[in-house]
Ligand code: SF4
């Protein structure tokens, strides 16, 4: 584990101007309790803080008082004790965007799909504790064996981007497209493609309608597969990943339209939808939306030798201004294999960038965003929640289990299996300009 200060400790010692919200210094259970007389869920402090959370989002049950009051050392000792006691019966997964104080306990680190696959390979584990967000735990449950129980330490850890497309909205969109465009004859009129960052219900939606799932590593190959089968693609929930991938495939600008679920026909004319090749859902990641062309220009001004690498969830102009874009795994591998002395400005979540910098002291590595602003929902996974759910397991209780119904699992597997069956070597996850 790198030895530099974790983001959690940096936040505690930072001035107000150095963080995106003073609420980052609150304990996450401040959001579990009724706020302002309401039990409406909120994302919590950080990049998604001001996004609108759907009423259907889970509300976290209050963590017992004894865990809230525990010193960090005791929390750590208790997690370590349960890990040792449960041994191979337990596997803990840590997404790259988790805080250091969680990542230290992870048996596997990775992006969402890689982690789910790794968990699925550990059939001897009875419990899969996913330190990530809700859709990731759902994906783990889809891929897990029947006897495996998947646990999300804090059920309020959703994903603001995934929450921007719910099943009812997508069904309403599909019905409208169906009316205007029909079903198609030799080829489908529209092929639905969902990003991994979506609910299990939407993966099932795609599975049932000839559609497919993509990740940020394989979006190009997935769109090629989809265009071979249909006239158009409906891509959700991330507008930016869809547009950046469309750009890589040469889809003309005027053939990409945005579907805003709050407006009739998504805010489009019938003619625009008929002429579209890529219909992009109006959704975004509030972490990656923070990166700007001005930040890249400032990094280049300060460090003329800098390499700029960003995630494809960033806006098109940011991706265009960077040297390289790709998935979290691509960013990690690229920087790890870069020569000593190289310089990297990185456009992705700050906990991962901070760990990268600590792991490679021979390189200059920093986050493009000068303000500390972690993913709100990833940040909801605090060690006290991990200690709570683990100690409950020892006591015979499964707290915060994530269960996908069998019917949804079957259809979601269809869409995932189409992705896994794509021919050829994994496509390069990045484009170097
Ligand atoms: S970083 Fe963005 S896409 Fe990832 S969990 Fe957070 S809000 Fe969702």
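Among the residues of segment 175-183, is there at least one that is within 15 Å of the ligand (Cβ to nearest atom) and part of a helix (DSSP H, G or I)?
No, segment 175-183 contains no residue that is within 15 Å of the ligand (Cβ to nearest atom) and part of a helix (DSSP H, G or I).
Tell me whether segment 91-109 contains one or more residues that are within 22 Å of residue 412 (Cα to Cα), within 16 Å of the ligand (Cβ to nearest atom) and over 12 Å from the mean Cα position of the chain (by Cα).
Yes, because at least one residue in segment 91-109 is within 22 Å of residue 412 (Cα to Cα), within 16 Å of the ligand (Cβ to nearest atom) and over 12 Å from the mean Cα position of the chain (by Cα).
Please go through segment 276-300 and give me each residue that is more than 16 Å from the ligand (Cβ to nearest atom), in a loop (DSSP other than H, G, I, E, B) and under 25 Å from residue 194 (Cβ atoms), ordered by number.
Listed by number, the residues that qualify are 276, 277.
Within the bounds of segment 384-406, is there any residue that is farther than 25 Å from residue 89 by Cβ, in contact (Cβ under 8 Å) with a residue 40 or more places away in the chain and either away from the ligand (no atom under 16 Å from the Cβ) or surrounded by 21 or more Cβ atoms within 10 Å (Cβ to Cβ) (or both)?
no
Before we move on, is residue 149 more than 20 Å from the chain's Cα centre (by Cα), surrounded by fewer than 23 Cβ atoms within 10 Å (Cβ to Cβ) and in the same structural domain as residue 58 (by TED's automatic domain parsing)?
Yes; evaluated as a whole, the condition is true for this residue.
Residue 331 versus (1) surrounded by fewer than 24 Cβ atoms within 10 Å (Cβ to Cβ); (2) part of a helix (DSSP H, G or I); (3) within 16 Å of the ligand (Cβ to nearest atom): which is the lone unmet condition?
Among (1) surrounded by fewer than 24 Cβ atoms within 10 Å (Cβ to Cβ); (2) part of a helix (DSSP H, G or I); (3) within 16 Å of the ligand (Cβ to nearest atom), residue 331 violates only (1).
Going by the structure shown, is residue 347 on the phi > 0 side of the Ramachandran plot and not assigned by TED's automatic domain parsing to the domain that holds residue 63?
So residue 347 does not fit the description; no.
Is one or more of the residues making up segment 128-137 under 20 Å from residue 396 (Cα atoms) and away from the ligand (no atom under 16 Å from the Cβ)?
yes
Name the pairs whose Cβ atoms lie under 7 Å apart, with the first residue in segment 157-181 and closer than 30 Å to residue 383 by Cα, the second more than 15 Å from the ligand (Cβ to nearest atom) and at pLDDT below 95, and 6 or more positions between them or separate chains?
Taking only residues 6 or more apart or on different chains, the pairs are 166/56.
Can you name every residue in segment 60-91 that is in contact (Cβ under 8 Å) with a residue 60 or more places away in the chain and not in a loop (DSSP other than H, G, I, E, B)?
Within segment 60-91, 67, 68, 72, 75, 76, 78, 79, 82, 83, 85, 86, 90 meet the criteria.
Restricting segment 301-314 to residues that are touching a residue at least 12 places away in the same chain (Cβ under 8 Å) and over 16 Å from the mean Cα position of the chain (by Cα), which is nearest to the ligand (Cβ to nearest atom)?
Checked segment 301-314; the qualifying residue nearest to the ligand (Cβ to nearest atom) is 309.
The values are calculated or read from the model by the stated rules, or taken from the named source; none is laboratory data. If you're wondering where the values come from, they're calculated on a predicted model, not measured in any experiment. Note that each Cβ is placed from the backbone with ideal geometry, even for glycine, and that neighbours are counted across all protein chains shown.
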